[in-house]
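All remarks here apply to the structure that follows.
Since every read-out is calculated from the coordinates, none of them should be taken as a lab result. As the structure is a computational prediction, the values presented were derived from the model and not from experiment. Note that each Cβ is placed from the backbone with ideal geometry, even for glycine, and that neighbours are counted across all protein chains shown.
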Amino acid sequence: MEPAMACHADRTAPVFQTKGLTKTYRQGDVEVHALRGVDISLYPGELVVMLGASGSGKSTLLNILGGLDVPTTGEVRYQDIDLAGASDRELTRYRRDYVGFVFQFYNLIPSLTARENVIAVTEIARDPMAPEEALDMVGLASRLDHFPAQLSGGEQQRVAIARAISKRPRVLLCDEPTGALDSATGILVLAALERANRETGTTTVIITHNASIANMADRVITLSDGVISGEHRNSERQDPNTLSW
């Protein structure tokens with residue numbers, strides 16, 4: 001049997017709640033229904049994997065949870081914050097103070113070192129980690145003064161994770177964080193995300209089309225054609241280092 005880690009998430013009041021969430025886009029004369037009535041609850045400290053094929057609505061849902069987009073109809077709340085009814089200024093404040101983002105592409109500043117890329121966030125955060133602490137958490141303590149061009153793709157993604165967690169976000173939202181990486185490198189990135197979740201207690205959502213990643217989660221939510229098509233809770237979280245695909 002492969003080694004596993006016990007679930008640790010605190011199942012108390014939800015961090016996020018959505019009810020009847022829909023999102024419709026117009027492409028010319030065509031309406032695209034990205035979300036068709038999504039009800040979910042996410043809890044403090046849990047690590048959730050959202051699975052779905054391209055076009056299933058998972059990125060749209062993540063963008064709404066992160067305050068990057070707003071729903072067409074329905075409710076979405078982060079604790080006491082009504083994200084569906086928030087102004088642009090309120091959403092900006094919410095993203096700045098509560099949310100860390102990790103995307104498929106790293107979006108590092110090429111002219112800054114790893115440490116300086118993290119400092120770009122910690123300088124404007126309310127209660128940041130030391131940049132060195134954040135980079136150590138993702139296994140890059142020896143690469144502080146390297147520029148992105150001197151780092152591998154996996155190392156660049158881990159710098160992006162360090163940057164996201166350095167402001168001590170309440171929520172870490174990850175959109176296909178291993179999508180541009182090979183399996184061995186992707187596992188290093190997933191291990192960094194798991195460690196950040198475990199050591200900081202940040203509610204972490206990873207969206208992916210890769211079903212192999214689901215075993216590392218507390219809970220797995222599957223989306224299909226804009227609706228929740230399945231959900232299950234793992235009895236144990238599998239160590240990311242034992243995953244393969």
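Order these by the 10 Å Cβ neighbour count, fewest first: L61, L151. Before the final figure, lay out the partial values.
Working: L61 29, L151 19.
Fewest-to-most ranking of L61, L151: L151, L61.
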Backbone HN-Hα couplings from phi across the stretch 111-122 [Karplus 6.51/-1.76/1.60, Hz, Gly and Pro as x]: 7, 10, 5, 4, 4, 5, 4, 6, 4, 4, 8, 5
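Evaluate the Kirkwood expression for the hydrodynamic radius of the stretch 23-106, namely the inverse of the mean inverse distance over all pairs of different C-alpha atoms, and round to one decimal in Å. If you can, show how the numbers build up before the last one.
Working: mean 1/r = 0.0706 Å⁻¹.
Answer for the stretch 23-106: a Kirkwood hydrodynamic radius of 14.2 Å.
At most 13 other Cβ atoms within 10 Å and a DSSP loop assignment: could you name the trypsin sites (Lys or Arg not before Pro) in the stretch 97-157 that fit?
Working: sites: R115, R126, R143; in loops: R126.
Of the trypsin sites (Lys or Arg not before Pro), the ones in loops of the stretch 97-157 whose Cβ has at most 13 other Cβ atoms within 10 Å are R126.
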At R0 = 22 Å the Cβ-Cβ FRET efficiency linking D39 and R233, nearest 0.05, sits at 0.85
Determine the relative contact order of the chain: mean sequence separation of Cα pairs under 8 Å and six or more apart, normalised by residue count, in whole percent. 28 percent
So how strong a dipole does the chain carry about its Cα centre when Lys and Arg Cβ are +1 and Asp and Glu Cβ are -1, to the nearest 20 debye? 280 debye
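With only alpha-carbon pairs counted, each pair once and no self-pairs, how large is the Kirkwood hydrodynamic radius of the stretch 192-245 in angstroms? Could the numbers behind the result be given before it?
Details: mean 1/r = 0.0823 Å⁻¹.
Computed over the stretch 192-245, the radius equals 12.2 Å.
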Only counting other Cβ atoms within 10 Å, I'd like D82, D136, D127, D29 sorted with the fewest neighbours first. D29, D127, D82, D136
Angle in degrees between helix 183-200 and the longest Cα principal axis of the chain, rounded to the nearest 10: 80 degrees
Could you work out how far the C-alpha centroid of the stretch 8-64 sits from that of the stretch 77-93, in angstrom? 16 Å
Check the straight Cα-Cα distances from K58 and name the aspartates and glutamates below 16 Å, setting aside those fewer than 8 residues away within the same chain. D39, D69, D175, E176, D225, E231
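Compute the whole-percent fraction of alpha carbon pairs in the stretch 94-206 spaced more than 19 Å apart.
Values: 2248 of 6328 pairs.
Of the Cα pairs, 36 percent sit more than 19 Å apart.
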E31 versus S152: modelled label distance in nm, points set 7 Å from Cα along the beta carbon direction: 4.9 nm
Fewest to most Cβ atoms within 10 Å: F105, F16 sort as F105, F16
In degrees, nearest 10, the alpha-carbon axis of helix 88-98 is tilted away from the dominant principal axis of the alpha carbons of the chain by 50 degrees
The stretch 178-214 versus the stretch 105-176: alpha-carbon centroid distance in Å: 15 Å
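Rounded to the nearest 0.05, what FRET efficiency do A125 and R89 give with R0 = 30 Å and r taken as the Cβ-Cβ distance? Could you check?
Values: r = 18 Å, r/R0 = 0.60.
Working from the Cβ atoms, E equals 0.95.
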May I ask for the angle, rounded to the nearest 10°, between helix 153-165 and the longest principal axis of the chain, with both axes built from Cα atoms and the value confined to 0 to 90°? 70 degrees
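Quote to one decimal, in nm, the extra length available between T12 and D182 on full extension: 0.36 nm per residue of separation minus the C-alpha distance between them.
On the way: separation 170, 0.36 × 170 = 61.20 nm, distance 3.65 nm.
Full extension from T12 to D182 adds 57.6 nm.
Let me check I've understood the local charge: for K23, count other residues with C-beta under 15 angstrom from its C-beta, Lys and Arg +1, Asp and Glu -1. What total comes out?
On the way: positive: K19, R26, R36, K58; negative: E31, D39, D69, E75, D225.
Computed value for this residue: -1.
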